[in-house]
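Input: a single structure, listed below in C-alpha cells.
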Amino acid sequence: MTKRSKKINSYKKKFRIRRYLVISLCIIFLSLCSYKVYGLFFNKQEKSSNIVLNNKEKVYTITSVGNMMTHDAQIAGAKTKDGGYNFDKSFQYVKSYIKNSNLSIGVFEGNVSGGKPEGYPTFNSPEAFLKSLKNVGFNVINYASNHVIDQGTKGVKSTISKGNENGLLNLGVKKSSSDKNYLIYNMDGHKIGLFSYTYRTGPNSINSIPIPKDVNPLINSFSYDNLDELYKNVENSIKDMKKNGVQFIIGSFHWGDEYSTKVNKVQKKIAKKMNELGVDIILGSHPHVIEPYEIIKNNSGHSTFVIYSQGNFLSNQCYEEIHNYLTEDGLLLKFSLGLKNNKLYLKDYTIIPTWVYREPKGNNLFTHKIIPLNEIVNNKDKFNLSEKSYNRALNSLENTKNILGENSLGTKSFT
C-alpha cells in the first residue's frame with residue numbers, strides 16, 4: 001500500500017470515528033431534549049390537574065320546608081288495610097330533594113301522643129307520620145309551633161321521644177331541662193348551629209293553652225311584648241355555639257300573621273336583630289301562606305337570608321275546606337354551602353314552589369301529594385293530573401310568583 005493510500009485510509013477512519021461521535025452526541029442530545037420536553041409537558045399537565053382539583057370546591061346542601069300537619073282528611077286517606085297508617089305517598093314527588101341533601105329540616109305542627117289520631121284543633125298525629133318523615137330523608141324536625149302543647153305534657157314528651165326513636169333530631173323543644181336550647185349538626189366535620197322559637201299568646205300560654213309547668217323549660221318560646229328576652233337568649237346560645245366550633249347558624253321562628261302574605265313590622269325587627277347577632281339563615285313559618293324573602297346586610301358586612309314564611313308544605317288547608325287557594329302553596333328551599341378558609345358559607349339558594357294535590361282514591365278519600373311546581377310545566381304527565389288539577393297547579397305557581405316576584409324562583413347566587 002502506498003503512502004498516499006495509507007493517508008487516505010487514515011482520513012477515512014478518522015472521519016468515521018468523528019461521524020459516529022457526532023451521531024452519538026446527536027442521539028444523546030435529542031434524548032435529553034425529548035426527556036426534558038416530556039418532563040416539562042407532564043409536569044405542566046400535573047400542575048394543571050392540581051389547579052382544577054383545587055378549584056373543585058366541595059358543596060353541602062341544606063333543604064328546608066314549611067308547615068307540615070295532619071288534618072282529619074289526611075289521616076283518613078293514609079289509613080292502610082291493616083288498620084295502620086302510611087304517609088309515604090304524600091312525599092313521593094319531593095323525596096329526592098329531601099333525601100339527597102346533607103341536612104333536611106321541616107316544621108311539624110302538633111303532637112304524637114298515642115291513642116286515637118285527630119286533626120285540628122288539637123293535633124294528634126299517628127306515629128307513622130314521623131316514620132314517613134324519616135323515610136323520605138328528614139334529619140331535623142322543628143316542633144316549636146303554636147300547636148306544640150296541643151296534647152299537654154304527655155304530647156310534648158311523647159313527640160320528642162317518638163321522633164328520636166325514629167331517628168329524627170328535635171329542634172325548638174328538648175327532652176330534658178339540662179339539654180341545650182339549640183342543636184349542633186355535624187356535617188363532614190363542619191358544625192352548623194340551629195335554634196328555633198315559637199311565639200306565646202300570653203305570659204304563660206301558647207295558642208291560648210296554658211303551658212304545663214313541667215314542660216315550660218322544654219319549649220323555646222318568646223313574647224312579642226318582651227323581645228329583649230328573646231334577643232338575650234339567642235345571643236347566649238350563639239356565644240355557646242361558637243365556643244363549640246359552630247361555623248354557620250340557622251334560626252327558625254314561628255311568627256307573623258296567619259293567612260297574610262305581608263310581612264309585619266315585628267318580623268322585620270326580629271330579622272334585623274338576628275342579622276346583627278350573626279345568624280346566616282332565618283326560616284319563618286306559621287302564616288300558612290307564603291311570604292316574601294330577602295337578604296339583609298348590616299354595617300359590618302354580614303348578610304342573612306330571610307324567608308318570612310315558607311307556607312304549607314303538607315296539610316288539608318285546601319280551597320274546598322277554607323276557601324283559600326293560597327294555603328295550598330309552599331316553598332322548598334335548597335341552600336348550597338361552600339368552604340372558604342375551611343369554614344362554611346352560603347354560596348347560593350334555590351326556591352322551589354310546591355302545591356298540595358288531593359289525589360282522589362275513592363269513597364271520598366284522598367292522598368295528599370306534594371307537587372314540585374318547577375317540574376310541572378315541562379312534565380305535565382308525570383303527576384297524573386286531570387286538566388282541572390293541572391290548571392289549578394299552574395294557578396298556584398302564578399300566585400307564588402305574585403307574592404315573591406316574577407324572577408324570584410330558581411337558583412340565585414348569594415354572594
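Looking at Asn216, Asn186, Asn207, which one is free of Cβ contacts under 8 Å to residues at least 60 places away in the same chain and more than 20 Å from the chain's Cα centre (by Cα)? I'd like the intermediate steps shown before the answer.
Values: Asn186 fails: more than 20 Å from the chain's Cα centre (by Cα); Asn207 fails: free of Cβ contacts under 8 Å to residues at least 60 places away in the same chain.
Unique residue meeting the criteria: Asn216.
Please count how many residues of region 127-145 are part of a helix (DSSP H, G or I) and either hydroxyl-bearing (Ser, Thr, Tyr) or under 20 Å from Ser309 (Cα atoms) (or both).
Qualifying residue count for the region: 1.
Can you name every residue in region 300-318 that is assigned to a loop (DSSP other than H, G, I, E, B) and out of contact with any helix residue (DSSP H, G or I) (no Cβ under 9 Å at 6 or more places or on another chain)? Give the steps one after another, and end with the answer.
Initially, region 300-318 is screened for residues assigned to a loop (DSSP other than H, G, I, E, B), giving 300-302, 315-318.
Passing the criteria: only Gly301.
Could you tell me which numbered condition Gln151 fails, if it satisfies all but one of (1) of a type in the set (S, T, N, Q); (2) open to solvent by 10 Å² or more (accessible area, probe 1.4 Å); (3) more than 15 Å from Thr70 (Cβ to Cβ)?
(3)
Within region 107-143, restricting attention to residues that are under 18 Å from Phe195 (Cα atoms) and not charged (D, E, K, R), which residue is most open to solvent (accessible area, probe 1.4 Å)? It would help to see each step written out before you state the result.
Going residue by residue through region 107-143, those that are under 18 Å from Phe195 (Cα atoms) are 107-109, 138-143.
Restricting the remaining residues to those that are not charged (D, E, K, R) gives 107-108, 138-143.
Values: Val107: 12, Phe108: 0, Phe138: 1, Asn139: 32, Val140: 0, Ile141: 0, Asn142: 3, Tyr143: 8 Å².
The extreme case among them is Asn139.
Restrict the check to region 398-408 and report whether at least one residue is closer than 23 Å to Gly66 by Cβ, assigned to a helix (DSSP H, G or I), of a type in the set (S, T, N, Q) and open to solvent by less than 40 Å² (accessible area, probe 1.4 Å). Even if it seems obvious, please write down each step before you answer.
Initially, region 398-408 is screened for residues closer than 23 Å to Gly66 by Cβ, giving 398-408.
Subset that is assigned to a helix (DSSP H, G or I): 398-404.
In the following step, the residues that additionally are of a type in the set (S, T, N, Q) were identified as 399-400, 402.
Still in the running and open to solvent by less than 40 Å² (accessible area, probe 1.4 Å): 399-400.
Yes, that holds for at least one residue.
Among Gly311, Gly284, Gly278, which is the only one that is under 30 Å from Phe366 (Cβ atoms) and either open to solvent by 10 Å² or more (accessible area, probe 1.4 Å) or free of Cβ contacts under 8 Å to residues at least 40 places away in the same chain (or both)?
On the way: Gly311 fails: either open to solvent by 10 Å² or more (accessible area, probe 1.4 Å) or free of Cβ contacts under 8 Å to residues at least 40 places away in the same chain (or both); Gly278 fails: under 30 Å from Phe366 (Cβ atoms).
Result of the check over Gly311, Gly284, Gly278: Gly284.
Given the conditions (1) open to solvent by 10 Å² or more (accessible area, probe 1.4 Å); (2) at pLDDT 95 or above, and given that Lys343 satisfies all but one, which numbered condition is not satisfied?
(2)
Are any of the residues in region 110-123 polar (S, T, N, Q), touching a residue at least 40 places away in the same chain (Cβ under 8 Å) and out of contact with any strand residue (DSSP E or B) (no Cβ under 8 Å at 6 or more places or on another chain)?
Step one: filter region 110-123 for residues polar (S, T, N, Q), giving 111, 113, 122.
Narrowing the set further to residues that are touching a residue at least 40 places away in the same chain (Cβ under 8 Å) leaves 111, 113.
Checking the rest, the ones that are also out of contact with any strand residue (DSSP E or B) (no Cβ under 8 Å at 6 or more places or on another chain) come to none.
No: region 110-123 contains no residue that is polar (S, T, N, Q), touching a residue at least 40 places away in the same chain (Cβ under 8 Å) and out of contact with any strand residue (DSSP E or B) (no Cβ under 8 Å at 6 or more places or on another chain).
What's the number of the condition Phe248 fails, among (1) more than 26 Å from Ser125 (Cα to Cα); (2) open to solvent by 10 Å² or more (accessible area, probe 1.4 Å)?
Failing condition for Phe248: (2).
Testing Asn395 on (1) within 21 Å of the chain's Cα centre (by Cα); (2) assigned to a helix (DSSP H, G or I), one condition comes back false. Which one is that?
Every condition holds for Asn395 apart from (1).
Can you tell which of Lys382, Lys412 is in a strand (DSSP E or B) and of a type in the set (D, E, K, R)?
Numbers: Lys382 fails: in a strand (DSSP E or B).
Just one listed residue meets the conditions, Lys412.
So, in region 373-394, exactly how many residues are on the phi > 0 side of the Ramachandran plot and touching a residue at least 40 places away in the same chain (Cβ under 8 Å)? Even if it seems obvious, please write down each step before you answer.
Our first condition is that a residue be on the phi > 0 side of the Ramachandran plot; within region 373-394, this holds for 384.
With the extra rule that they be touching a residue at least 40 places away in the same chain (Cβ under 8 Å), the set shrinks to none.
Qualifying residue count, region 373-394: 0.
When only residues in region 73-106 that are part of a loop (DSSP other than H, G, I, E, B) and under 16 Å from the mean Cα position of the chain (by Cα) count, which is surrounded by the most Cβ atoms within 10 Å (Cβ to Cβ)?
Taking region 73-106 first, the residues part of a loop (DSSP other than H, G, I, E, B) are 78, 80-84, 86-87, 92-94, 100-102.
From what's left, under 16 Å from the mean Cα position of the chain (by Cα): 94, 100-102.
On the way: Val94: 24, Asn100: 12, Ser101: 19, Asn102: 16.
It comes out as Val94.
Conditions (1) farther than 18 Å from Thr400 by Cα; (2) β-branched (Val, Ile, Thr); (3) under 22 Å from the mean Cα position of the chain (by Cα), marked per residue:
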site	(1), (2), (3)
Thr350	no, yes, yes
Lys361	yes, no, no
Pro372	no, no, yes
Val377	no, yes, no
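Restricting attention to region 157-172, report how many residues are under 30 Å from Leu344 (Cα atoms), touching a residue at least 40 places away in the same chain (Cβ under 8 Å) and open to solvent by 10 Å² or more (accessible area, probe 1.4 Å).
So the count comes out to 0.
Do we find a residue being touching a strand residue (DSSP E or B) at 6+ places or on another chain (Cβ under 8 Å), open to solvent by 30 Å² or more (accessible area, probe 1.4 Å) and closer than 15 Å to Leu133 by Cβ anywhere in region 179-187?
no
Over 15 Å from the mean Cα position of the chain (by Cα), buried (at least 16 other Cβ atoms within 10 Å of the Cβ) and among the aliphatic types (A, V, I, L, M), is that true of Leu331? Give the derivation first.
Values: over 15 Å from the mean Cα position of the chain (by Cα): no; buried (at least 16 other Cβ atoms within 10 Å of the Cβ): yes; among the aliphatic types (A, V, I, L, M): yes.
Against the criterion (over 15 Å from the mean Cα position of the chain (by Cα), buried (at least 16 other Cβ atoms within 10 Å of the Cβ) and among the aliphatic types (A, V, I, L, M)), Leu331 does not qualify.
Within the set of pairs 6+ apart or on separate chains, which have a first residue in region 140-156 that is free of Cβ contacts under 8 Å to residues at least 60 places away in the same chain, a second that is among the charged types (D, E, K, R), and C-beta atoms under 9 Å apart?
Here the result reads Tyr143/Glu109; Asp150/Glu109, each pair linking region 140-156 to a residue that is among the charged types (D, E, K, R).
Mind listing whichever residues of region 368-388 are open to solvent by 20 Å² or more (accessible area, probe 1.4 Å) and under 18 Å from Lys89 (Cα atoms)? Give the derivation first.
Step one: filter region 368-388 for residues open to solvent by 20 Å² or more (accessible area, probe 1.4 Å), giving 374-375, 377-382, 384-388.
If the condition is that a residue be open to solvent by 20 Å² or more (accessible area, probe 1.4 Å) and under 18 Å from Lys89 (Cα atoms), then Glu375, Asp381, Lys382, Asn384, Leu385 are the ones that fit.
Could you check how many residues of region 314-326 are open to solvent by less than 70 Å² (accessible area, probe 1.4 Å) and either modelled with pLDDT under 95 or within 18 Å of Ser260 (Cβ to Cβ) (or both)?
The first filter runs over region 314-326 and keeps only residues open to solvent by less than 70 Å² (accessible area, probe 1.4 Å), leaving 314-318, 322, 324, 326.
From the residues that got through so far, the ones that are either modelled with pLDDT under 95 or within 18 Å of Ser260 (Cβ to Cβ) (or both) too are 315, 317, 322, 324, 326.
So the count comes out to 5.
The values are calculated or read from the model by the stated rules, or taken from the named source; none is laboratory data. Since the model is a prediction, treat every value here as computed from it, not as a measurement. Counting neighbours? That spans all protein chains shown, and the Cβs are built from the backbone with ideal geometry, glycine included. Heavy atoms of the whole protein, side chains included, go into the accessibility calculation; ligands, DNA and RNA do not. Shrake-Rupley method; radii C 1.70, N 1.55, O 1.52, S 1.80 Å.
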